[in-house]
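A short write-up of the structure that comes next.
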Amino acid sequence: MFDFSLKLSVKYTSVILFFFMGLCSANILAASKYEARLQRYVDLEAKVSQGNVAAMTDLALGLYYNEFPNSGSISRVLWLLEQAAEQDEVQAIMFLEDVYRKGNRFDKDKLRAQELREKLSTLDLSGKERFKWLVLGCSQIEKESVRIGTNELISSASSESQLKIAHCWLNFKVRDQKLFDALLPSLTSSAEKGHWLASYVIAKAHDDKLLNSPDVNKAILHYKNAYERTKDIDIGYRYIYLLRSQRSNKKRFDSVFSVAKQLAEKGHIKSMLIATQLALSGIKYHLPVDKLKTWLDVGIEKGFGNAILYKAIAIELGRLGEPSLEKALPYYEKAAKRGLRNASAYLGYIYESGKLGSVNITKAISYYKMAAKKSHKKAKQRLEVLM
């Protein structure tokens with residue numbers, strides 16, 4: 001069948017000894033990280049039982065972002081944060097205000113968010129340097145960074161404040177590379193400790209080429225870490241979008257397919273199409289017929305041309321019933337009219353080869369021309385032969 005530009009290798013080679021040595025090392029490292037997270041969880045629980053307010057906030061945020069082996073219920077997270085907020089714990093107040101306003105895993109509560117903003121405005125934050133930058137908006141932070149300079153800014157900001165500054169830096173009107181370079185050690189340390197936002201900021205900086213030496217592999221790694229801790233749809237999609245372009249990673253599609261299915265189950269249409277594309281590739285990825293049909297139909301309903309093309313392929317291959325090129329043909333034609341060059345080129349091949357029972361060179365040339373206008377190399381080659 002025509003090459004739809006998804007070139008997946010089906011040959012996997014491995015050296016058995018190297019594999020098992022790597023597996024053992026990975027298991028030891030994973031066990032060490034697990035024990036460290038578990039110990040921190042136990043320590044925080046002990047402090048919470050003693051009424052330590054800061055520990056309530058740290059434990060709640062750790063549970064919220066799935067940083068501990070023992071994941072907590074959202075109701076427990078909410079209880080811990082509310083308890084800390086009642087005792088004027090600024091970070092808890094700020095976090096609660098944000099999630100109530102945006103509805104991040106909690107139900108939106110604009111009234112409660114307003115109450116928390118009012119409470120924050122009444123607190124005396126003078127002398128509390130770790131909160132100085134947390135309570136400023138990004139535009140204010142940008143003005144301050146210009147006014148006082150990078151060195152003073154960094155020296156006056158705690159690690160959590162530096163994380164806020166770095167997150168804001170992504171949207172500064174004028175991004176000072178020296179400032180981000182100065183923040184990077186703190187960001188890297190926070191990311192290594194499992195802080196999702198630090199991973200996200202590093203990933204975003206590399207992905208958007210905001211650094212002098214952007215590295216797509218670092219962007220992928222940090223997006224992956226951020227997604228694993230938050231299960232955020234946008235972060236997850238950007239992760240698989242970048243990962244599937246890395247041709248040097250022969251096993252990349254295993255992760256792409258796994259995450260795409262997770263995002264698709266949450267209603268993310270582009271991820272539905274990535275999962276269906278891989279399921280139709282004929283390699284090793286499988287989707288139940290009802291799910292394949294549903295996701296394709298949703299994509300078509302929402303106006304995605306690729307969904308039309310994938311449905312044509314599914315019908316021709318018999319993934320939705322009996323194989324039938326005749327029934328698939330209208331979908332290929334619709335996809336070609338939508339400007340999908342692979343559909344046009346494949347229609348050219350169908351009519352040139354006589355797959356429908358008879359050869360029609362006139363139609364073949366017509367479809368090859370449509371694909372060639374979209375810079376399809378094989379279509380251009382066939383036109384040179386036929387014309």
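The values are calculated or read from the model by the stated rules, or taken from the named source; none is laboratory data. These numbers were taken from a predicted model, which means no experiment stands behind them. Quick reminder, even Gly has a Cβ in these numbers, built from the backbone with ideal geometry, and neighbours come from all protein chains shown.
Would you mind finding the one in Tyr368, Tyr310 that is at pLDDT 95 or above and touching a helix residue (DSSP H, G or I) at 6+ places or on another chain (Cβ under 8 Å)?
After ruling out the rest, the residue left standing is Tyr310.
List the residue pairs whose Cβ atoms are under 6 Å apart, where the first residue sits in segment 154-170 and is without any contact (Cβ under 8 Å) to a residue 60 or more places away in the chain, the second is among the polar types (S, T, N, Q), and the two are 6 or more positions apart or on different chains.
As it stands, the answer is Ser159/Ser186; Gln162/Ser186; Leu163/Ser190, since those pairs meet every condition given.
Taking segment 99-140 only, how many residues are in a helix (DSSP H, G or I), among the aromatic types (Phe, Trp, Tyr) and at pLDDT below 80?
1
Tell me which residues, restricted to segment 233-260, are without any contact (Cβ under 8 Å) to a residue 24 or more places away in the chain, crowded, with 19+ Cβ neighbours inside 10 Å and under 19 Å from Lys291 (Cα atoms).
Val256, Ala260
Could you check segment 42-98 and list, in sequence order, the residues that are assigned to a helix (DSSP H, G or I), of a type in the set (D, E, K, R) and more than 18 Å from Ser161 (Cβ to Cβ)?
Asp43, Glu45, Lys47, Arg76, Glu82, Glu86
Could you please find all residues in segment 367-387 being polar (S, T, N, Q) and not in a helix (DSSP H, G or I)?
Selection gives Ser375 alone.
Taking the conditions exactly as written (over 30 Å from Trp196 (Cβ atoms) and surrounded by fewer than 23 Cβ atoms within 10 Å (Cβ to Cβ)), does Thr230 satisfy them or not?
no
Go through segment 351-375 and give me each residue that's crowded, with 22+ Cβ neighbours inside 10 Å and within 28 Å of Lys284 (Cβ to Cβ).
Within segment 351-375, none qualify.
Listed here are the residues, each with its yes/no results for (1) touching a His at 6+ places or on another chain (Cβ under 8 Å); (2) among the small types (Gly, Ala, Ser).
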{"position": "Tyr237", "(1), (2)": "yes, no"}
{"position": "Asp254", "(1), (2)": "no, no"}
{"position": "Ala264", "(1), (2)": "no, yes"}
{"position": "Met272", "(1), (2)": "no, no"}
{"position": "Ala279", "(1), (2)": "yes, yes"}
{"position": "Gly282", "(1), (2)": "no, yes"}
{"position": "Lys291", "(1), (2)": "no, no"}
{"position": "Ser324", "(1), (2)": "no, yes"}
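Evaluate the following for Gly321: is it touching a Lys or Arg at 6+ places or on another chain (Cβ under 9 Å), loosely packed, with under 15 Cβ neighbours inside 10 Å, in contact (Cβ under 8 Å) with a residue 24 or more places away in the chain and outside any helix (DSSP H, G or I)?
no
Given the options Tyr223, Tyr239, name the one that is in contact with a Lys or Arg (Cβ under 8 Å, 6 or more places away or on another chain) and over 23 Å from Ser159 (Cα atoms).
Tyr239
Tell me, yes or no, whether segment 335-358 has at least one residue that is in contact with an Asp or Glu (Cβ under 8 Å, 6 or more places away or on another chain), within 23 Å of Ala275 (Cα to Cα) and without any contact (Cβ under 8 Å) to a residue 24 or more places away in the chain.
no
Out of all the residues in segment 327-337, is one or more part of a loop (DSSP other than H, G, I, E, B) and more than 21 Å from Met387 (Cβ to Cβ)?
Among the residues of segment 327-337, not one is part of a loop (DSSP other than H, G, I, E, B) and more than 21 Å from Met387 (Cβ to Cβ), which makes the answer no.
Which residues, counting only those in segment 341-366, are more than 12 Å from Lys378 (Cα to Cα) and part of a helix (DSSP H, G or I)?
Once the filter is applied, which keeps residues that are more than 12 Å from Lys378 (Cα to Cα) and part of a helix (DSSP H, G or I), segment 341-366 yields Ala343, Leu347, Ile350, Tyr351, Glu352, Ser353, Ile361, Thr362, Lys363, Ala364, Ile365, Ser366.
What are the pairs, 6+ residues apart or on separate chains, where a residue within segment 374-386 that is touching a residue at least 12 places away in the same chain (Cβ under 8 Å) has its Cβ under 9 Å from a residue that is among the β-branched types (Val, Ile, Thr)?
Listed pairs, sorted by first residue: Arg382/Ile365; Leu383/Ile365; Leu386/Ile361; Leu386/Ile365.
Report, by residue number, each residue of segment 218-237 that is closer than 20 Å to Gln177 by Cβ and either more than 11 Å from the chain's Cα centre (by Cα) or modelled with pLDDT under 90 (or both).
Once the filter is applied, which keeps residues that are closer than 20 Å to Gln177 by Cβ and either more than 11 Å from the chain's Cα centre (by Cα) or modelled with pLDDT under 90 (or both), segment 218-237 yields only Lys218.
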